Structure formats: structure tokens, C-alpha cells
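Data block below; observations after.
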Amino acid sequence: MNIVLCGFMGCGKTTVGKRLAKELGRKFYDTDDMIVEEQGKSITKIFEEVGECGFREIEKSIIKKASQLENAVIATGGGVVLNPENVETLKTTGKIVFIDVTAQMVIARLKNNKTRPLLQRPDKEKVIEKMLTERRPKYLSAADYTIVPQYGGPNEVVKCIKMQLNL
Ligand code: S3P
């Protein structure tokens, strides 16, 4: 089975995923990186050219590809759970782990970030709070396991995932 990491932008999916994969001797994939590689352009450029709807279509096809992997650790984009079909697809070959961080943690981590098109707004903090409130029920219902970091550091999250999944 794959281990699929989901959660809001900035929750640490990529950092945690890389470390977890290394510790478990598994391959690591990031669905955003797969999109960038396939399309030959950045996520920002894709949003500029085809908008969020176009991006979600590309994302859906990458999720299908990612679900064909075996024994991998897969970090997914924060919006993957918006489409229930993605969740269904990922569950066919993987266990979904939700990294449940607070809006405050996300705000602190992404305040200067320029690579998330949905957050390039002057009211970034409000947008993060609103989006997280809307999405959190979706992450929770998609998740086979939920990790609530106390401090939020990647080592703590990796340890919790290994414990919860008996790895
Ligand atoms: C998005 C999250 C991003 C990326 C895109 C949209 C979202 O991935 O897929 O900018 O809607 O939450 P990360 O969660 O890896 O930042």
C-alpha cells in the first residue's frame, strides 16, 4: 500500500514525506512535482494560463497516475480532497494520512511564500483561516489516520505516522 499524505498548504507534507520515505526505504513522490514535470511549467504558470478549474483537471489525471504507484510515500496538493473522486482513487492503493495543523502554524510558515497562487492576496491570513475551516472536514473524512502535531516539526510527525501505521 502507498502512504498518501494530505492536508492544507504548508502543513509539511513534502518535508515529512521525504523523511518518512527515507526512513522506510520507500520512494517519495509529490503530486505537485509530478504536475510540474508533466506540464513543463510551474504551478503558478498553470494557474495563470488555465485557472484553478484547469489546474484541478490536470491534478485529477496526476492523481490517477500516482495511485498506480506501489509502496510509495505520496505527498498530495492541499486541494486534492476537494474532488471526492481523487480521494476514492487514492484509497484504492493507499492509506491516507492527514496532517492536521492549525491556521496559525500555516500563517507562520507561509507568510512570505510566493509559490501558492491561491494565497497571493493582501488578506492572506483571513483566506487561510477561511479555506482551512472549509476544507478541514474534507481532510478528516478522507483520512484513514489523522496526525495532530503538538509542535509541528517534521521529525515529530514522522514518528507519529510510523507509530500509528505500525511501521
Ligand atoms: C493547492 C495546494 C498546492 C498546489 C496548488 C493548490 C491548494 O499544493 O497544489 O497551489 O488548493 O491547496 P501544496 O499543498 O503542496 O502547497
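So, in the stretch 103-113, exactly how many residues are without any contact (Cβ under 8 Å) to a residue 24 or more places away in the chain and within 13 Å of the ligand (Cβ to nearest atom)? Spell out the reasoning first.
We begin by selecting, within the stretch 103-113, every residue without any contact (Cβ under 8 Å) to a residue 24 or more places away in the chain; these are 104, 107-108, 111-112.
Okay, now just the ones that are also within 13 Å of the ligand (Cβ to nearest atom), so none.
The number of residues fulfilling the criteria is 0.
Pairing residues of the stretch 125-140 that are closer than 13 Å to G7 by Cα with residues that are surrounded by fewer than 12 Cβ atoms within 10 Å (Cβ to Cβ) and among the aliphatic types (A, V, I, L, M), at Cβ distances under 8 Å and at least 6 apart in sequence or on separate chains, gives no pairs at all. Of all the numbered requirements in (1) of a type in the set (D, E, K, R); (2) near the ligand (Cβ under 9 Å from one of its atoms); (3) closer than 23 Å to Q164 by Cβ, E88 misses one, and that requirement is (2).
Taken over the stretch 15-28, the residue count meeting the criterion of being touching a Phe, Trp or Tyr at 6+ places or on another chain (Cβ under 9 Å) and surrounded by fewer than 16 Cβ atoms within 10 Å (Cβ to Cβ) is 1.
Would you point out the residue of the stretch 15-30, among those that are part of a helix (DSSP H, G or I), more than 14 Å from the chain's Cα centre (by Cα) and not basic (K, R), that is farthest from K64 (Cα to Cα)? Checked the stretch 15-30; the qualifying residue farthest from K64 (Cα to Cα) is E23. From V106, V81, grab the single residue that is in contact with a helix residue (DSSP H, G or I) (Cβ under 6 Å, 6 or more places away or on another chain), farther than 15 Å from T31 by Cβ, of a type in the set (A, V, I, L, M, F, W, C) and surrounded by 12 or more Cβ atoms within 10 Å (Cβ to Cβ). One residue alone meets the criteria, V106. Can you confirm whether the stretch 134-151 contains a residue that is surrounded by 16 or more Cβ atoms within 10 Å (Cβ to Cβ), at pLDDT 95 or above, in a helix (DSSP H, G or I) and away from the ligand (no atom under 16 Å from the Cβ)? No.
When T31, T44 are checked against the criterion of being modelled with pLDDT of 95 or more, surrounded by fewer than 16 Cβ atoms within 10 Å (Cβ to Cβ), within 12 Å of the ligand (Cβ to nearest atom) and of a type in the set (S, T, N, Q), a single residue qualifies: T44.
The values are calculated or read from the model by the stated rules, or taken from the named source; none is laboratory data. Note that the structure is predicted; figures quoted are calculated from it, not measured. In this analysis, Cβ positions are derived from the backbone assuming ideal geometry, glycine residues included, and neighbour counts consider all displayed protein chains.
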